[in-house]
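These notes are about the structure you will find just below.
Values in this text are rule-based calculations from the coordinates and carry no lab data. Owing to the predicted nature of the structure, the values given are computational and were not obtained by experimental measurement. Cβ atoms come from the backbone with ideal geometry, glycine included; neighbour counts cover every protein chain shown.
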Amino acid sequence: MPNRKPARTPKPKTYQMGDRVQMRRAYGVVGRVVKVIYRNRPAFFGYLVDFGDHQRELAGTDVVEPPRLLLEEYRKWQDDFLGWEFIALLDDARLAQLRMEWCEVNKTLARLRPDWIPHRREGVQPVHRVTVTKTTERHKNVSSNGAFIRTIDRHFWWLKCPCGLHEVAESSQEAQRRKGGHDTPLGEVE
């Protein structure tokens, strides 16, 4: 078998001043880049990130893109050609958040085509679509004499709609029944 070159480590994505970034392995710790830092001795490439109450110097590999949850959900609805109906469900604060996330990802497009930035369209009625997510809690019970360990999996189905519905069901049938009761049937609008 021929010798292969080792795979190159990917170059970290570079950010500009003002970009929102997140600390790696710290979900939800989001700040803005204040300064890009280059040093020779010792060699260092990183960012000075402002987290609101304090500023911190982070290496370039310790900085990642922040999560954009509204944008991801908007893209899923766009796949089904329901983007306008999704926007109709959002309140003003969440619409502003979606617009900010979209502009962060599509900087050039936002500058060249501002009419493509998500906005409300007159006359569009909101369509409710519930997403169901299954989660499992695992409990381990040890017998009184320690002879065996029993593992018990407890399943939950989380229902979420952009209109603000957040519920939990304990069976898939109950989750599907609640989903069917809340969803707007496609083809007709309430």
Item checked: Cut-off 20 Å, label 7 Å out along Cα→Cβ of residue 111, residues of region 14-58 by amide N -> 14-21, 33-36
Checklist line | Linear extension gain, residue 168 paired with residue 8, 0.36 nm per residue minus alpha-carbon span | finding: 53.1 nm
Check: Relative contact order, percent, of region 64-120 when contacts are C-alpha pairs under 8 Å separated by at least 6 residues?
Finding: 35 percent
Check: Rounded to the nearest 0.05, what FRET efficiency is calculated for residue 91 and residue 132 with R0 set to 25 Å and r the Cβ-Cβ distance?
Finding: 0.60
Item checked: Unit charges on C-beta of K, R, D, E only; dipole of region 64-120, Debye -> 260 debye
Notebook entry, point to check: Which links in 76/107; 76/134; 11/76; 11/134; 107/134; 35/107 stretch past 26 Å when you go from one Cα to the other?
Noted result: 11/76; 11/134; 107/134
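Once a ≥ b ≥ c are taken as the square roots of the eigenvalues of the Cα gyration tensor of region 64-120, is the result rounded (a/c under 1.5), prolate (a/b larger than b/c) or oblate (a/b not larger than b/c)? The partial results should precede the final answer.
Details: a/c = 1.44, a/b = 1.22, b/c = 1.18.
Rounded.
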Notebook entry, point to check: Among 29, 124, 142, which one moves the most in a GNM of the chain with springs linking Cα atoms closer than 10 Å?
Noted result: 142
Next item on the list: List the relative contact order of the chain as a percent without decimals, with contacts defined as Cα pairs under 8 Å and 6+ residues apart.
Entry: 12 percent
Checklist line | Gap separating the Cα centres of region 115-190 and region 65-105, nearest whole Å | finding: 19 Å
Note to self: Can you match Rg and Dmax of the Cα atoms in Å to one of these, (1) 23.2, 71; (2) 17.7, 60; (3) 17.9, 71, based on a calculation from the structure here?
What the structure shows: (1)
